[in-house]
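Here the structure is laid out as structure tokens; the discussion comes afterwards.
The values are calculated or read from the model by the stated rules, or taken from the named source; none is laboratory data. What you are looking at is a predicted structure, and each value in this text was computed from that prediction instead of being measured. Quick reminder, even Gly has a Cβ in these numbers, built from the backbone with ideal geometry, and neighbours come from all protein chains shown. Quick note on the areas: whole protein, heavy atoms, side chains included, nothing else; ligands and nucleic acids left out. Shrake-Rupley method; radii C 1.70, N 1.55, O 1.52, S 1.80 Å.
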Amino acid sequence: MFDEALLKENTVTVILQVNGKLRDRMDVPRPDFAEELEKLALANERVQEHLAGKQIKKIIVVPGKLVNIAAL
């Protein structure tokens, strides 16, 4: 017999975007909640570089897939 739970990965790669452009990737443990992903994305050094001097308008989080930050 095999255990299906062992087939699932413990981490997932999440894409970080600023204004629709890829800025970084990060591996996060499952389960990944939208609020937690948003905080991790905003704390990311590469994302912060691209947000410097800009105002965040909207943050779109697709749990387990991506975080897109729209900024002007």
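Tabulated data
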item: Per-residue [θ]222 nm for the chain (sum of -39500 (n - 2.57) over DSSP H runs n ≥ 4, rounded to 500); result: -6500 deg cm²/dmol
item: Proximal lysine pairs, the chain, alpha carbons under 23 Å, eight or more residues apart or interchain; result: 11
item: Relative contact order of the chain, defined on C-alpha pairs under 8 angstrom at six or more residues apart (%); result: 36 percent
item: Whether the chain is rounded, prolate or oblate, judged on the alpha carbon gyration tensor where a/c under 1.5 counts as rounded; result: prolate
item: Accessible area, probe 1.4 Å, largest first, for residues L40, L66; result: L40, L66
item: Charged-residue dipole, Cβ positions (Lys, Arg, Asp, Glu), the chain about Cα centre, Debye nearest 20; result: 500 debye
item: Positive dipole terminus of the chain, leading residue within G64, N19, A34 (C-beta point charges); result: N19
